[in-house]
Each structure stands twice: as C-alpha cells, then as structure tokens.
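Reviewing the structure listed below.
The values are calculated or read from the model by the stated rules, or taken from the named source; none is laboratory data. Predicted model, so just to flag it, every value in this text is computed and none were measured. Neighbour counts are summed over all protein chains in view; Cβ atoms, including those assigned to glycine, are modelled from backbone coordinates with ideal geometry. The accessibility values were calculated without ligands, DNA or RNA, using every heavy atom of the protein model including side chains. Shrake-Rupley method; radii C 1.70, N 1.55, O 1.52, S 1.80 Å.
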There are 4 protein chains.
Amino acid sequence: MKELSDLNHCSQDEFVAALANVFEHSPWVAEAAAVLRPFAGIGPLFAAMTAAVDRAPHEALMTLIRAHPDLANKTQRATGLTAESSAEQDSVGLDRLSDAEYEAFERANSAYRAKFGFPYIVCVRRHTRDSILRDFERRLPNDAKAEMRTAIAEICRIAALRLDQLVVSDDRLPVHGRLSTHVLDTHSGRPAVGISIELTELSELGTSRVVARALTNSDGRTDQPLIGGRPVPIGRYELMFRVGGYFAGRNVPTSDPPFLDRIPLHFSVSDPEGHLHVPLLVTPWSYATYRGS
Amino acid sequence: MKELSDLNHCSQDEFVAALANVFEHSPWVAEAAAVLRPFAGIGPLFAAMTAAVDRAPHEALMTLIRAHPDLANKTQRATGLTAESSAEQDSVGLDRLSDAEYEAFERANSAYRAKFGFPYIVCVRRHTRDSILRDFERRLPNDAKAEMRTAIAEICRIAALRLDQLVVSDDRLPVHGRLSTHVLDTHSGRPAVGISIELTELSELGTSRVVARALTNSDGRTDQPLIGGRPVPIGRYELMFRVGGYFAGRNVPTSDPPFLDRIPLHFSVSDPEGHLHVPLLVTPWSYATYRGS
Amino acid sequence: MKELSDLNHCSQDEFVAALANVFEHSPWVAEAAAVLRPFAGIGPLFAAMTAAVDRAPHEALMTLIRAHPDLANKTQRATGLTAESSAEQDSVGLDRLSDAEYEAFERANSAYRAKFGFPYIVCVRRHTRDSILRDFERRLPNDAKAEMRTAIAEICRIAALRLDQLVVSDDRLPVHGRLSTHVLDTHSGRPAVGISIELTELSELGTSRVVARALTNSDGRTDQPLIGGRPVPIGRYELMFRVGGYFAGRNVPTSDPPFLDRIPLHFSVSDPEGHLHVPLLVTPWSYATYRGS
Amino acid sequence: MKELSDLNHCSQDEFVAALANVFEHSPWVAEAAAVLRPFAGIGPLFAAMTAAVDRAPHEALMTLIRAHPDLANKTQRATGLTAESSAEQDSVGLDRLSDAEYEAFERANSAYRAKFGFPYIVCVRRHTRDSILRDFERRLPNDAKAEMRTAIAEICRIAALRLDQLVVSDDRLPVHGRLSTHVLDTHSGRPAVGISIELTELSELGTSRVVARALTNSDGRTDQPLIGGRPVPIGRYELMFRVGGYFAGRNVPTSDPPFLDRIPLHFSVSDPEGHLHVPLLVTPWSYATYRGS
C-alpha cells in the first residue's frame, strides 16, 4: 500500500504506475488525475479519477468497458486476468463454481455479450454468486445506453475498492460495510457469553459456504464484526447460534431434547456499504431477532 | 373399529379375537380382561389389560417381550411381522432407511440383543428415527432388570395406541399430542393470512423429510394442527414460513432482496402427548417465536 | 327477558309493550315490526325495526331524536329518564362525574344543542367518558344533515343493545366484543399461573377506575374474558400484571429490587364489537406484548 | 476541582484543606494520606484514604460516624450541614419531602438512633427516597457491630463520590453508572427518530418526579445517557415513550384511537454503578423490552 502523501509527491510516472489498474487496463485515468495533485485525501483523488471517466468520450468508455474480462470465463482465466480481476473473481468464489453455476454464468455471459456487444461488468466484491446471477437477469432486458451507464457505474465501484486497498489516507472511501450480531440471554438478563456462531452464505444454485465463525465475548458480541473492512456481499445468509449447549452449561432446566438447540436466522443483505446488526434475544423457550442498527 | 358397547356385549371369543394383538402375539392379556366386562370406557378397559400384564409372572413377561420383532430387521420384515408391527415401523420410516441408518439400527439391535438376550422394544409412533437411535444409546448401559421394566412400559404404550385405533368410546386414552402454529403480522396488527408453512422432520443420519404443509387461514392459524390425532414424535423439526411473498403481496415497503423471506424455526419435541404451540410474530424486519400453549 | 317464540305468538299489544322502549319513547317502531311477525331470529326482528326507522318521515325521526335526554344532565336525571337511558348512562359512569368532567359535558351538550337544535346522541355503552368527549369534538363541526344521520345510527346501536338484553333467541346480534389476555412465562416455557391482573380504564379529565381484576389460571389465561358479553368501550386502558411476586414465588434468581415487578401495558380500544387479545410474554428481564387475535 | 498533580505537589496543609471533608468533619484521613504522596492516580489516593480508615481505632471510627448528620433532619438543616452533606441530601430530594415521607424518615431515624446510639448513614447519591426507607427497614434488625461496618462502608462510598467530584485525574473511580435506551422501529426496520422520552422516578410514599427528558436521535438513541456521570439511584422508574405521534407522523395506518400511544416501561435499578440499557422495539401493534447491555 502507498501513503497518499507519497503519491502526492512522487513523479508522474510513478503515480500512474501505482494506479494504472485502478481502472482496468486504463492508465489514462490515472494520468488525468496526476496533473491535479496534490490531493487532500483519498476522497478527492477518487473524485478526480471518476471525473476523468465522466469527461471521457464515448469511444474511450467503450474501450474501458471492453478491457474487462467475462466473469468466470475459464479460457480467459487461463490466458491471464489482471491480478486485480483475478483476486476479485476469486473472492466471490468464481474460481470454484459448481457445474450448474458455471453453466448459468456461461449462458448469462453469452446472452449479455450477444445483446450488447460488450462484457457484463459488475463489482463482484459487493455480491454473492446468487446475486450476480439475479443481477444478470435484471439487467439483460435493459437497452444498451442504460447498460453502458450501469457498466461505468460498476467500474467506478470496482475502482473505489481497488483504490481503497492501494492507498493509505486519513480519510476513507465509504466502501466498507459491516455485519454484526449480539446475543442477549433474556433468561438470566445478561449477555450470552461463549455462544458459538456460524455465518453461512446461502446459495440456491451452488454450494452454501461458511464465511465466518465466532464466539460471543463477555458482552455477548463478537470481538470482530462477522463481516467488516469490506463490502458485505448482497445475498442470503444464515446465522446459526448454538444455544443448547450454552443453557445446558448453565444448568438451566429444559426439556429433553432441549426445545431450542441450534437456532438459524435467515436474512438477506441488500446494502453492502451499510451496517447490518442482527441480534438474538433468547431464552431456552423463546427467541427474537430484528434488523438493528 | 369396534364400538366399546359391542365389545362389552359380544362373546368372549369375539372379544379376545378383536383385541388379540393389542399386546403383540399375546391374546392372554385380552382373555384376562374379557372376564371383567362390561367396561365403562376405553380407559378402564386399558387399565384392566395393563393390570393383567402387571400381575403376570416373570416368564410370561419375558415371552411377551420376546414376541416382539427387532426394529428395522429386513429378514423379519420378509418373513412377516404382525400387521400392527409392520404399520408402526413403516410410520416412522423404518422401511426406507438410508444405508447409514440401516447399519446404525443393525449395530444397535445386535448390541442390545447380545447384552440383554431380548429385542429392544420402543413405541415407535412416539419417535423419529433419530430419537430411537438416541434411545438405544441411552438404554444400552442399563441393567437387565431396568430394561425389562422399560420394555414392558414401552409395550403398554404400543398397546394403548393400538387400542385407541381399534376401539370407539366416549372417553379417549391420553395418547394423542398436537403441534400447532399461529402467524401474527405485527406490522399490520392482524393475523397473517395465506402464509405457506412447511414442517420438516430433521434427521442427522438420514434424510430430513417434509411431514406437513399448510396455509394460514383468516385467523393466522392452520385449519388442522400440523400434527394431531396421534403422538407428536420426539425429534427435531423445522417449521419454514414463507413471509417474503406475503409482505410483497401486501405492498409493504422492504429492501431488495427482502431482509426476511423464508423464516426457519428449529425446535425439538420432547412430549409426544402434549400440545406444543410454536407461533411466529413477524414484521418484514423482525420476528419472534416461543413455546406457547 | 322474553323468548323470541313468545314474542312471535303473543298479542300485538303485548309485543309492542315489550319492545316499546327499544327505541326511546317510540313504540311506533315496535308497532311497525309487530305486523311482520313471526321472525326467524333476533336478527330479522332488529332488521324489521331499523327498516321502519329508515322508512319514517323526517319529522318522525326528529321526534325520535328529540325523545332522547341530554347526557349527564342533572335536571333531567332528577325529573326522570327511561330506565334504559338511566342504566346506560350509569354504566359509563355519567352519574358520578368529577366536577371538571361535568362541566365539560355541560359545555359540550350546550354547544351541540345550540348548533343543531337537538340533543347529542351516542351509544354510551360503546364508549368511555373520555371517548364521548372526543366524539363531541369530532361531531360538532358537522352539518345538521350529517349529524341527523349519525344520531339515527347511534339510536340504532342503542336499540340493538337494548333488544339484545330483552330478547332470547338462538341467533345473536353482533353487539358483543371481548377483551382477553394471556401470560406466557418464557423463562420456564410455561403458562404463567396465578398472576394478578388489573384492568383500569384510563381517564385524562376524570378519575381512572379499575374495571376488572383477575388471576391467571393453569393455562395462563383468565377464566372469564376481562370484558365480555357487552361492547368493549372505546377508550384507553391499562393492564397491570404483578410479575415480581410470581417469579419470586418460583425462586427465580433476580436482582434486588427485581428489575421487573408490576408491568403496565397501555393500549386503546377502537372496535367495541371486536375481539382484542393483549398477551404478555415475560421473563424476569424482558417482556413483549402485541395485539393478538 | 483540583488536578491530581497539583495535589501531589502542594503543601501538606493545602492538601489536607482540599480533602478535609471527603470524610465528613475528619481531616485526619486526608492527613494520613498526605504523607504517602505522590499518588499515581485517584484510585491509589482513594485506597490510601480508606486504608487510613481501616487502620483507625474503634473510637476514631465512632467519632467519624457520629460526625454525620441525620438524614432529612430539619433542625440540623437549619443549624448547618457541611456543604457536601447538604448537596447530597438535596440531590435525592430530602429537602422537599412530603409530610408522609418526612414522618417516615423521622420515625426511621429515631428508631435507628435509639437502637444503635449513632446516626443512620447511607450514601444517598446511590438511592432514591423509597430505597433509603427500605434500607432503613432492612438494617434496623442488624446488631451494632454489623451496622458499624455498614456505616463505615457507606461513608467510604460517600467519600469516593466526593473525591470524584474534587479531583481531576486520568483514571476514574468506578462510581458512575449509566442508564440508556434505544428505540427500534421494527415496523420500518429503522431506528425510531424523534421519539419523546420521559424518565420518572416512581415513589410509593411521596411524589413521583420526572428526572430526565430526551428525544431520540438519528440512531434511535439519546444524545446523552438518561442518567450518566453519577450513580444511577436504586429505585423504581418509569420510561414513557410517545410512539403514537411518531407513527402518525409517518402516516402508518393504525386504528382510531391508535392501539399504542404512550408506552410506559416500569423497571427497577439495583446496581447504581452498572450500565443499564432498556431498549424498546416497537410497531404500532406490538412492543418488547429487555435488560440490555
């Protein structure tokens, strides 16, 4: 990672080299920003880059869009993506799709390319595989003009996340969300300590996968957010709380087998940059949850 | 089914023939009860039969116990069970075990028979496959005397259910439980009408299977209990409520995708003859459940 | 009370005498209905009476309206109301108003009479004193035609309740509401037995007064509805549950003093003929309530 | 207020003068601590002072106890309390007792003095008037030795609070509690903004009094804790939330009058130095609360 102050004072070539792939294969965006240095923060730097994109002629934008790979395309993966693209696609599991998922992505990519003549682009770090496929379905009926706008908007989201990972600054781009929980034991009126929690990303087409595990601490919370320091991918999730062992360990009288043992909460994330708090209020005989803040 | 009054007034042979298999292959129990006719109800009739068992000598009880088949034994199934045993074993799915389950039952049966010299007996209508396997594990460490008592107690439970299915009387044996639900829409302060509900019996070793489907009526309840008119088998269950479509159909503003869509409640049944009420209080952003009554 | 069959078969004079004051001082309504006998139920009988009112000329309706006393008018009370009017006004406490309330009623009555030239009429059994005063305020801005319609509608509500108290029939007029509660102890997963409950009608101007006391039974409910067999008066209420002693009596560990002791629920009734269910789910550290059904 | 560093470096006389009344009329405690300077924090300073008390002979302790005024004694108030005592007694409202309360305090003081020969001492800042009277009742049956110990313990609590108000240091004595709330609108899945909240200290004998008013902010919380920066007095409280206007202002359909309008939560505080969080989850038709953390 680079300090913003270093980027403000290095040579123009060094600046462009450092930020060349913030916009995929498009160093001209960094070049346009370089002459506006120094920047007071990463916010103004990013604004300068997106302003350059906004001012760019139609042909340049089309080239920028076409510089992006297809999602989950095995041939392209073999011949080489930028490191950034590769890491992004891997983060959402596009490198380990089930056969059914792979076919669904292939079909969607082909249909999209056939209609619009450019690749489908989405900021994958804000998504799960399921929500990407739904996004495909939703965008395919659009006209080319609207899709071009959407593609540029997604490219800017990708760029913001790349910049956030490249540059250290006192200010932050608003690209991180947070998913947190809290377990209140309303049987004893205390935070529930030591509850084992598992967060699973649910998938309809492919395989659901555990994305976080944690234990509640002395305040009934987890030491780290379940997801934090990055967007919370749009999608469906399960939070599983093991309360049976917790109450048994406190010698709370219960039935045999206990009425409640493993409690699953299913919910969706719709705002990757927001803070979603999903608490559990629980006794051996009841529980409640809500979207908190 | 027979009317109790008919059984009170028929010949002794007819009475014994009718109730010969209430206790498996043991018409002597019905014979002992026959001479005590008339009975004021099915309760006194059953009491007379169990009293006969209580009075029987050790050898007769051992013969009664040995008259029972092994659970899920394919050879015995081929050579023939009583119609009653066969229906009971089928009801809990012992005729369609997965390989892993089949092996687990075989192992348990063999270990039990090897230790005690008589078959493991349990009233299967009060159980799921998982809870039978747990029962095996729990009872295997017992001594023979305790197990003989347990076997007789289970035989009496089996008999009560057989008698309940054979005899019509104004009074009822307390052998039926009930599982019910209720969906309150606390967003609009009304019963939630038309919510699709699915009840699944959860299995760790074998296959989970849907055991009831229902729609909530104008009172937010189901027209029939989810399980009723029989014991509610001991075991773990999932109730799945499709609330996403319900709120969407009422044009309630929500996120995209909706925060809550399909809500699973996981709970265990421990008292097959009890009334277990598992309601759902729900808004698009929160829900609560509890063991009701 | 009279059997409907008796009313169907008695002389016309007896019929009219029995129902003369169903509509205040207006036996002509009963006379009109008398000739349509026999009635299949109290529903058809009431429909015949209201049809007679609907058909009556303007002058007759005005006379009917003017036959009603002012609410809470001390002079009229001294010189005599019909027994029905007197009982109705007493039921809502109009015979024991505070000075502030009395003045408020006087002011409202005078303003109403001054504007419309006829008395303000409301079916007091469906109201509390507070809601009558709010009703005054709401109706005073109306024009005379609308108020005449409202007065007749209220007279018909009064008549329905009077008829319901006079005539026994297999069918019932839909004039009764119900207020019920239920206490679930979600600390132990059982109905809360023996909880002392007090229902108070809250008043802003006058004195709040306790209208029901009850103990929860073995199902956590009250043996009788808190209000039943009559309309549930529109107004604000408090339900007070004494849970501190309940949990102390079960030796549940708690703080000193207990976090929760007497739990008040405040709510309003808006539909006197509906069934309003206000349950309490409670542990020593939490509680919840909702409008149930 | 004094900086700890100043107290560490001033003359011994100045040090003693500054802390002379931390223990009522007993500068010898400050004198004993003065020679142990410098102190690394207010914690060690307080420990040095209480250690001096612990080491003091019986007679000195009795003198210390007797140096305290009776609670709520009008004659003593007229002839003069220390400024500290006076402020403490006023803070809990002992300067404006109802007649019934005044008599109750007089009776309790007299009974206590008659039995033990020294005044009843309690750290009033940790109490409400009701809880002081309950404390009297609880302590009166004790023997003199136990009461002397309790009196000294209460004197140390009083001293800790006085010291906390006198001395600025990086560390803090653990003498502050906190009472907070949070309103979640589970109808719209958001914090409830702009809800008017009133906190009332409930009294059985005297007058209940409002001790805090607040509006919820954009996070559904209050900008300041309802009580903070001091002990939360032991006692019974009401939190009143005006939710009717909130939902009406958001055009949420409801009944007329609204089912829920002003929601009172009644609860007790038992741990003055703890953090008590009492949230409200609310829709127009339901609400829940719990002791949070």
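Scan segment A:36-45 and give yes if some residue there is within 27 Å of residue A:230 (Cβ to Cβ), open to solvent by 20 Å² or more (accessible area, probe 1.4 Å) and under 22 Å from the mean Cα position of the chain (by Cα), otherwise no. Scanning segment A:36-45, I find at least one residue that is within 27 Å of residue A:230 (Cβ to Cβ), open to solvent by 20 Å² or more (accessible area, probe 1.4 Å) and under 22 Å from the mean Cα position of the chain (by Cα), so the answer is yes.
Let me spell it out: the conditions are (1) surrounded by 17 or more Cβ atoms within 10 Å (Cβ to Cβ); (2) free of Cβ contacts under 8 Å to residues at least 40 places away in the same chain; (3) farther than 28 Å from residue D:168 by Cβ; (4) of a type outside the set (Val, Ile, Thr), and residue D:32 meets all of them except one. Which number is the exception? Of the numbered conditions (1) surrounded by 17 or more Cβ atoms within 10 Å (Cβ to Cβ); (2) free of Cβ contacts under 8 Å to residues at least 40 places away in the same chain; (3) farther than 28 Å from residue D:168 by Cβ; (4) of a type outside the set (Val, Ile, Thr), the odd one out for residue D:32 is (3). Restricting attention to segment C:1-36, the residues being over 17 Å from residue C:53 (Cα atoms), at pLDDT 95 or above and outside any helix (DSSP H, G or I) number 3.
Scanning segment C:270-280 for residues that are open to solvent by less than 40 Å² (accessible area, probe 1.4 Å) and away from chain A (no Cβ under 13 Å), we see that the one that is farthest from residue C:219 (Cα to Cα) is C:270. Checking each residue in segment D:241-269 for being away from chain C (no Cβ under 12 Å), crowded, with 18+ Cβ neighbours inside 10 Å and hydrophobic (A, V, I, L, M, F, W, C) picks out only D:247. Regarding residue A:151, is this residue closer than 30 Å to residue A:229 by Cβ, open to solvent by 50 Å² or more (accessible area, probe 1.4 Å) and not β-branched (Val, Ile, Thr)? So residue A:151 does not fit the description; no. Each residue in segment C:281-293 was checked for being closer than 18 Å to residue D:186 by Cα and either modelled with pLDDT of 95 or more or more than 7 Å from every other protein chain (Cβ to nearest Cβ) (or both), and 7 pass. Of all the numbered requirements in (1) of a type in the set (D, E, K, R); (2) more than 9 Å from every other protein chain (Cβ to nearest Cβ); (3) touching an Asp or Glu at 6+ places or on another chain (Cβ under 8 Å), residue C:230 misses one, and that requirement is (3). For segment C:179-198, residues that are out of contact with any helix residue (DSSP H, G or I) (no Cβ under 7 Å at 6 or more places or on another chain), open to solvent by 20 Å² or more (accessible area, probe 1.4 Å) and more than 14 Å from every other protein chain (Cβ to nearest Cβ) total 1.
Among the residues of segment C:59-82, some residue qualifies, meaning at least one is part of a helix (DSSP H, G or I), open to solvent by 80 Å² or more (accessible area, probe 1.4 Å) and among the hydrophobic types (A, V, I, L, M, F, W, C). Cβ-Cβ contacts under 6 Å between residues 6 or more apart (or on different chains), taken from a first residue in segment C:176-196 that is free of Cβ contacts under 8 Å to residues at least 24 places away in the same chain to a second residue that is surrounded by fewer than 23 Cβ atoms within 10 Å (Cβ to Cβ), are listed as C:189/B:291. Sort out which residues of segment A:210-236 are among the charged types (D, E, K, R), open to solvent by less than 60 Å² (accessible area, probe 1.4 Å) and over 30 Å from residue C:259 (Cα atoms), and write them in order of number. The answer is A:236, and nothing else. Whether a residue is modelled with pLDDT under 95 and either open to solvent by 70 Å² or more (accessible area, probe 1.4 Å) or out of contact with any helix residue (DSSP H, G or I) (no Cβ under 8 Å at 6 or more places or on another chain) (or both) was assessed, and residue C:115 does not pass this test. Within segment A:1-29, the set of residues being over 14 Å from residue A:167 (Cα atoms), touching a residue at least 60 places away in the same chain (Cβ under 8 Å) and surrounded by fewer than 18 Cβ atoms within 10 Å (Cβ to Cβ) is empty.
Of all residues in segment D:235-258, one or more are touching a helix residue (DSSP H, G or I) at 6+ places or on another chain (Cβ under 6 Å), in contact (Cβ under 8 Å) with a residue 40 or more places away in the chain and not charged (D, E, K, R). For first residues located in segment B:125-141 and modelled with pLDDT under 95, partners that are open to solvent by 60 Å² or more (accessible area, probe 1.4 Å) and lie 6+ apart or on another chain with Cβ distances below 8 Å form the pairs B:129/B:205; B:130/B:204; B:130/B:205; B:133/B:205. Inspect all residues belonging to segment C:240-255 and state whether any of them is modelled with pLDDT of 95 or more and over 30 Å from residue D:126 (Cβ atoms). Among the residues of segment C:240-255, not one is modelled with pLDDT of 95 or more and over 30 Å from residue D:126 (Cβ atoms), which makes the answer no.
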